[in-house]
Amino acid sequence: MLINSEKIYVNNSFDETVYGEFYLADSLEIMPRLIDEYSNKVKLVYFDPPFMTGREFDASMPVGEKGYAGNREYYTRIPSYSDTWESKEAYLCFLKKILIGAKELLSDDGVICVHVDRHASHHVRLLLDEVFGENSFINEIIWHYRSGGSSKSSFPAKHDNIFIYGKTSKVKINPAAAGKARTDKRHNHMKRSVDIDGRVYFSIKSNGKEYKYYEDDIVSFDDVWEISHLQQKHPERTGFGTQKPLELLDRIIRSCSQKDDIVCDLFAGSGTTLISAINNGRRYLGVDKSSLSLLTFRRRLTARNNVDITIYHTSVADDKAGITLNKQQDQNNITVTFDSYRTLNVDIDLPKYTDGLQYLTYISVGRIEDGVYITEDYSVRTPSMPTLKHSFTVSNKGEKAIYFCDCLGNHRFVKI
């Protein structure tokens, strides 16, 4: 089986080169390989697993140039993952195996954060106690959000639970790293003053002693975080119904890891954890079995430069898969032009285009070296660049291949 790796270059917010890996695979099935590669190397494992809700989840995804340009008539709903289980026992057995694998990945000072809701929180807390030890518990974060919906028979459920454990009972986190400045807001009728160095502070006297609180001091959050859900028109929205806000992941990553550490998400979804890791100067390791996850993560990176991403595909089909192309080459270069595409085995209603290439979302052309596919040029649809490039000219060196992904997440690797 050929393993392909893609390399894309992206800048983080500090203009530093950050790199990582994304495995398009089932987390449990790929775990032995992850342990071989990353045992005792990961500083933070965060994941937002299925919650045992008994529901099927989908994503609202744009299709073709008109969809990516914002025309809602050219969107379609695509299944993203299933959260149905044979039994509660089957779910908990699966999750326990994931937790045992995650512990193997963690460094001795590593931290795990497991994000769940009321459906499974009590079960997951007991599993974490079992796998990591009760004394390794650090925090339970309550993420409180405001959203629509109410109930006449119970109080509305408006929070999730995030359990934080160290690999051992000696592990600590740094809440101040995710804190915020005190600002100039006055509290408890404190007096505002400026010291000889020009720093603003607020003071209060008690029992003959003056207490000073500087405006630029960093104040840590408590264990209840008020962070808004991503509303329908929020610019971060990708179409994934279970997408989490960057602000939430930024707090977790800053408090539980340091620059250049490896941050791992075993259920990457829309890629928010990985994007936050990049933004905060961490390496990242992402895993998800949905090709929509890989496609969405790739889309979110296209506005950047200088981050080295290696993407592994654990299953590769060496066939044309509905695509036709034209290849021209000379002594130095090869030009590949994509002529048409026909989606296969489609049981989802798609917007109607006469040009089948509109159903493609990502195309790359590259070469194979030692069984590894290395991207030399690529094009991906995004809201800022809805038009997909169809012709690529690259060097004529090495065995050539293409990789493409359509709007449904179907992906193919083809030798040419």
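The values are calculated or read from the model by the stated rules, or taken from the named source; none is laboratory data. Since we're looking at a predicted model, the values are computed, not measured. When we count neighbours, we look across all protein chains shown, and the Cβ atoms used for this are built from the backbone with ideal geometry, even at glycine. Accessible surface is based on the protein model in full, side chains and every heavy atom, while ligands, DNA and RNA are left aside. Shrake-Rupley method; radii C 1.70, N 1.55, O 1.52, S 1.80 Å.
Report, in degrees rounded to the nearest 10, the 0 to 90 angle that the Cα long axis of helix 121-132 makes with the longest principal axis of the chain. Helix 121-132 sits roughly 90 degrees off the main axis of the chain.
Taking the Cα centre of the chain as reference, the dipole from Cβ charges on Lys and Arg (+1) and Asp and Glu (-1) amounts to some 1160 debye. With all protein chains kept in place, the per residue accessible area of the chain amounts to 49 square angstrom at a probe of 1.4 angstrom. With respect to the chain, whose longest principal axis is taken over its alpha-carbon atoms, helix 246-256 is tilted by about 60°. GNM on the chain, alpha-carbon springs under 10 angstrom: the most fluctuating residue among Asp197, Asp377, Asp288 is Asp197. Just checking the listed ones, Ile98, Ile348, Ile173: in the Gaussian network model of the chain with Cα springs under 10 Å, the one fluctuating most is Ile348. Under a Gaussian network description of the chain, with springs only between Cα atoms under 10 Å, the residue in Glu65, Glu21, Glu236 that fluctuates furthest is Glu236.
Rounded to the nearest 500, what is the 222 nm mean residue ellipticity of the chain from helices alone, with -39500 (n - 2.57) per DSSP H run of 4+ residues and division by all residues?
-5500 deg cm²/dmol
Could you work out the relative contact order of the chain? I mean the mean sequence separation of Cα pairs under 8 Å and 6+ apart, divided by the number of residues, in percent. The normalised contact order for the chain reaches 25 percent.
Answer with one residue from Tyr201, Thr76, Gly271: the one whose Cα lies farthest towards the positive end of the charge dipole of the chain, charges on Cβ with Lys, Arg +1 and Asp, Glu -1. Value computed over the given set: Tyr201. For the chain, the longest principal axis of the C-alpha atoms and the axis of helix 27-38 are separated by about 80°.
For the chain, the fraction of 1.4 Å probe accessible surface lying on carbon and sulfur atoms is 46 percent.
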